[in-house]
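Just so it is clear, none of the values below were taken in a lab; they were calculated from the coordinates. This one's a predicted model, so the numbers in the text were calculated from it and none came from an experiment. For neighbour counting, all protein chains shown are included, and Cβ atoms are generated from backbone atoms with ideal geometry for every residue, glycine included.
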Amino acid sequence: MKNLGVGERIKSVFRIHPLPVGKRVDLYLSEHLPDLMDEYRLATKRDIAGVDEKFELYEGDVEELGSWKNSTQQRVEDVEGRIERLEYKHGIKG
């Protein structure tokens, strides 16, 4: 009988006892994850570390802008009303 190397013995064990699908997926991802990350431009936790904080900051800014828009709209309407009254008072057609 021929002596098999370690690699051949491992391959024969896997032929007899194949890995479950979950283990094969884990093994595949472990071996190929860096290439997959580059290929599909996946982000790491380090890449998105500050995203949540920035999102909350921008969300606050948007709320402030909404408030500013509402108050500015009211001021514009007030000014337009005064202009109309002045035009009427002085007989100017606008």
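For ASP47 and SER71, the FRET efficiency from 1/(1 + (r/R0)^6), where r spans their Cβ atoms and R0 equals 41 Å, is about 0.60. Computing Cα Rg over 2.2 N^0.38 Å directly from the structure and comparing it against (1) 2.81; (2) 1.45; (3) 1.76 singles out (1).
The local environment of GLY81, defined by Cβ-Cβ distances under 13 Å, has a net charge of -1 under the rule Lys, Arg +1 and Asp, Glu -1.
Along the chain, counting only trypsin sites (Lys or Arg not before Pro) with a DSSP assignment other than H, G, I, E or B and at most 10 other Cβ atoms inside a 10 Å radius, the longest segment between sites is 47-92. Projecting the Cα atoms of MET37, SER12, VAL62 onto the charge dipole of the chain (Cβ charges, centred on the Cα centre) puts SER12 farthest toward the positive pole.
Separation of the stretch 51-94 and the stretch 20-40, taken as the distance between their Cα centroids, equals 54 angstrom. Positive contributions from Lys and Arg (+1) and negative ones from Asp and Glu (-1), summed over other residues with Cβ under 13 Å from the Cβ of THR72, come out at -2. With a Förster radius of 41 Å applied to the C-beta separation of HIS32 and GLU63, the computed FRET efficiency comes to 0.40. Each Lys and Arg contributes +1 and each Asp and Glu -1, all at the Cβ; summed about the Cα centre of the chain, the dipole is approximately 720 debye.
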